[in-house]
Amino acid sequence: MLFFWLLLLAHGLADFVLQSDAISSAKCQNKWQGYTRHGLAVFLCTLAAIHFYGWKGALLAGGLVTMVHLALDWLKNVGRALYSKVMKREARPGVPGLLIDQLLHILTLFWVWRLLDKPPVDTTVTGFYAKVLAPLGQFPGAERAVVGLAVYILVAFGGAVLIRIALDNIFPSDYIVVDGQSTQVTAGKYIGILERILILTLTVTGNISAIGVVFAAKSIARFSELSKKQFAEYYLVGTLLSFLLALAGGILLGQLK
């Protein structure tokens with residue numbers, strides 16, 4: 001399944017690492033710039049991941065994945081617009097919608113993998129890397145490494161999107177108030193990413209007991225703010241969701257070894 005895992009790794013990079021808030025916002029507004037920039041990222045990531053199987057197959061896979069990916073994004077926007085028109089209210093992103101969207105994308109990757117019938121590694125292409133890397137497909141840890149990278153990206157960066165949407169649906173936008181103004185800590189996103197990477201690593205390496213130290217250190221850093229009820233609730237829900245996601249990813253990765 002190395003071909004499929006490479007597709008999934010490319011998807012995670014394009015959808016969660018390379019897709020900025022500006023690109024996502026442009027897509028949601030149905031601007032062609034958003035679709036073009038995101039489509040280019042999807043195509044290039046897929047091309048880079050699959051070129052080990054030959055450029056012809058990589059171009060075909062990249063083209064198919066990109067077209068279906070953008071079609072799904074466009075249909076999602078059409079659905080939101082239709083919902084807003086019928087229900088007379090703005091369609092807010094939700095966790096179920098995000099999970100369904102990602103499931104459809106993953107099914108697309110599975111379809112492309114099956115359609116191309118798991119082509120053999122192109123020895124001409126892999127030979128180019130022979131001086132610095134073992135040829136892909138002959139290196140015994142290649143598939144394990146790709147699976148690990150895919151899970152790390154989906155948990156760390158995809159988890160940031162999932163938790164952001166979950167918190168926005170649980171708490172109102174003005175829930176946390178500082179000096180009379182609502183505020184959002186932008187650093188929290190990056191703290192969460194590092195936190196999930198660390199917890200995922202501790203889980204995979206069998207050091208689950210050390211996760212308590214991560215929670216304690218994070219709580220000490222936020223100690224003064226935890227005295228405020230609203231922030232404490234927001235902090236605990238976000239942290240527990242982050243921990244749960246990282247633990248699930250670590251357990252899954254352990255089972256896939």
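For the reader, a short list of remarks on this structure follows.
- Test: residue in the stretch 235-252 that is in contact with an Asp or Glu (Cβ under 7 Å, 6 or more places away or on another chain) and under 21 Å from F171 (Cβ atoms): yes
- Filter pass, F4 being open to solvent by 50 Å² or more (accessible area, probe 1.4 Å) and part of a helix (DSSP H, G or I): no
- Test result for H11, closer than 21 Å to R114 by Cβ, open to solvent by 10 Å² or more (accessible area, probe 1.4 Å) and not aliphatic (A, V, I, L, M): yes
- Condition check for L40: closer than 25 Å to V161 by Cα, modelled with pLDDT under 95 and surrounded by fewer than 17 Cβ atoms within 10 Å (Cβ to Cβ): no
- Residue list for the stretch 56-92, filter: open to solvent by 30 Å² or more (accessible area, probe 1.4 Å), β-branched (V, I, T) and touching a residue at least 40 places away in the same chain (Cβ under 8 Å): V68
- Residue match in the stretch 115-124 (condition: open to solvent by 60 Å² or more (accessible area, probe 1.4 Å), more than 23 Å from V42 (Cβ to Cβ) and either modelled with pLDDT under 65 or not in a loop (DSSP other than H, G, I, E, B) (or both)): yes
- Summed over the stretch 175-209, the residues that are part of a helix (DSSP H, G or I), small (G, A, S) and at pLDDT 85 or above give a count of 1.
- For the stretch 127-145, the criterion of being open to solvent by 60 Å² or more (accessible area, probe 1.4 Å), modelled with pLDDT of 90 or more and either over 29 Å from L202 (Cβ atoms) or in a loop (DSSP other than H, G, I, E, B) (or both) is met by none of the residues.
- Filter result for A71 (of a type in the set (G, A, S) and at pLDDT 85 or above): yes
- When restricted to residues that are closer than 18 Å to L98 by Cα and small (G, A, S), the stretch 23-53 contains 3.
- Residue in the stretch 25-37 that is modelled with pLDDT under 95, touching a Gly at 6+ places or on another chain (Cβ under 6 Å) and open to solvent by 10 Å² or more (accessible area, probe 1.4 Å) present: yes
- Enumeration of residues in the stretch 222-232 that are in a helix (DSSP H, G or I) and either modelled with pLDDT of 85 or more or exposed (fewer than 10 other Cβ atoms within 10 Å of the Cβ) (or both): S227, K229
- Of all residues in the stretch 81-114, those satisfying the criterion of being closer than 21 Å to A160 by Cβ and either at pLDDT below 85 or over 23 Å from the mean Cα position of the chain (by Cα) (or both) are R92, P93, G94.
- Residue within the stretch 45-55 that is in a helix (DSSP H, G or I) and either among the acidic types (D, E) or without any contact (Cβ under 8 Å) to a residue 12 or more places away in the chain (or both) present: no
The values are calculated or read from the model by the stated rules, or taken from the named source; none is laboratory data. Because the structure is a prediction, the values reported are computed rather than measured. As a convention, Cβ positions derive from the backbone with ideal geometry for all residues, glycine included, and neighbour counts pool all protein chains shown. The accessibility values were calculated without ligands, DNA or RNA, using every heavy atom of the protein model including side chains. Shrake-Rupley method; radii C 1.70, N 1.55, O 1.52, S 1.80 Å.
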